[in-house]
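The structure appears right after this line, and notes come after that.
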Amino acid sequence: MIVNSTTFSDFVANMRVVWLEAFEAVPRAAAQLFKVIPSKEKITDYSNLDMPRFARRKEEGDDAFQVAPTQGYRKTLTKYRVQAEAVITWEMRTYDKYDEMLSAVRGMAEMAANRLEIDQTHRFTFANATSYVDVDGVTVTTTVGDGLAFLSTAHTVTGSSTTFRNRIVNNPALSRAALEAAETLFSTQMINMAGEKVRPRPDTLAIADNPVSENIALEYLNSTASPDGAHEGITNVYKSKYKLVVLFDLATTAAGARDTTKEAYFFLCAARDTSAICEISEEPHMIAPAAPTSTNAEEFDNDNWKFKGSAAYAIEVISPQWTVGSLGDGTP
């Protein structure tokens, strides 16, 4: 079919389907660790508001205990827009180069999905830093509410002088001992904004796209008997204990190139309690040009049609108590 002004409407309808299929085909692992929230506002604020853990005695005739929640730290989310453009040339349309047109639109959709995925993932990639410079040259602040890096040895809270850590001591590589060290941080370190002990329940193990880490994780999460057992029949306490999430872009630079120094990173997360927020004010979608007319969107100089993929969102991690992690390099 030659694509021209007569067939334009059908062509656009087909391209919308192609765009959506290509967008949804890109695995979006990082989204499982975020609360994805629709928002029409450009700027929004989030904060913790922790209730006391315990009720109080009430003596006869006394008033009930009036709850005084503790206000947590605040983070501001400011949306930014990302776009990718595909050009459908006159030659593509006239000479029925349909595969080339499909590739252009699919590539545009994949770029949108991949950008959202890497922006979310890089909150973990740069969890030990307070900022990074992204592929556009923009400095992205990665601090959580207390102004420290996502992984830290001395996170603070607003209602107490007590601090807590969520970076595993000595940054071990993934192993049973490392998993138990991560679990120990959940049971011994986590406090709410008033300094009271809390224990988020970890449910997800997030690792880099690294065969060594992935095979170790699969051994522990899938084996019937303990991989460390001296003989068969020893119960594997980690069997199906955690959901495994492989973050393809975790071990990458800010520009998305491979970064071997981050291949041993791993995170144990209470994803049900996540405070990682991704607000979306413009859902990823395809924007088509106007139908060709004598005054249309066809470019006068080259007869091109241009299609765009567009999205607008903001990403922040408000508090860190739901995640502990290791850089996997053995550093103190």
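The condition (being at pLDDT below 95 and basic (Lys, Arg)) is satisfied by just one residue among LYS243, LYS306, LYS262: LYS306.
If you scan the stretch 159-177, which residues turn out to be assigned to a loop (DSSP other than H, G, I, E, B) and either open to solvent by less than 60 Å² (accessible area, probe 1.4 Å) or touching a Lys or Arg at 6+ places or on another chain (Cβ under 7 Å) (or both)?
Initially, the stretch 159-177 is screened for residues assigned to a loop (DSSP other than H, G, I, E, B), giving 159-163, 165-166, 168-175.
Within the stretch 159-177, GLY159, SER160, ARG165, ASN166, ILE168, ASN171, PRO172, ALA173, LEU174, SER175 meet the criteria.
Restricting attention to the stretch 109-156, the residues being over 26 Å from GLN83 (Cα atoms) and of a type in the set (D, E, K, R) number 1.
Of everything in the stretch 180-193, what is open to solvent by less than 40 Å² (accessible area, probe 1.4 Å) and over 16 Å from ALA208 (Cβ atoms)? Give them in sequence order.
ALA181, GLU183, LEU185, PHE186, SER187, MET190, ILE191, ASN192, MET193
Taking every residue in the stretch 166-192 that is more than 23 Å from PRO227 (Cα to Cα) and among the charged types (D, E, K, R) and pairing it with any residue that is open to solvent by less than 10 Å² (accessible area, probe 1.4 Å) and at pLDDT 95 or above, at least 6 positions away or on another chain, the pairs with Cβ-Cβ distances below 6 Å are ARG167/LEU151.
Just to be sure before I move on: is ALA129 out of contact with any strand residue (DSSP E or B) (no Cβ under 6 Å at 6 or more places or on another chain), among the small types (Gly, Ala, Ser), in a loop (DSSP other than H, G, I, E, B) and at pLDDT 95 or above in the structure I sent? Talk me through it step by step, then tell me what you get.
On the way: out of contact with any strand residue (DSSP E or B) (no Cβ under 6 Å at 6 or more places or on another chain): yes; among the small types (Gly, Ala, Ser): yes; in a loop (DSSP other than H, G, I, E, B): yes; at pLDDT 95 or above: yes.
Yes: the conditions hold for ALA129.
Pairing residues of the stretch 66-84 that are under 10 Å from TYR313 (Cβ atoms) with residues that are among the charged types (D, E, K, R) and buried (at least 18 other Cβ atoms within 10 Å of the Cβ), at Cβ distances under 8 Å and at least 6 apart in sequence or on separate chains, gives LEU77/GLU279; LEU77/GLU316; LYS79/GLU279; VAL82/ARG115.
The values are calculated or read from the model by the stated rules, or taken from the named source; none is laboratory data. The model shown is predicted, which means the values in this text are computed figures rather than measured ones. Cβ atoms come from the backbone with ideal geometry, glycine included; neighbour counts cover every protein chain shown. Each accessible area value is taken on the protein alone, full model and side chains, heavy atoms only, with ligands, DNA and RNA left out. Shrake-Rupley method; radii C 1.70, N 1.55, O 1.52, S 1.80 Å.
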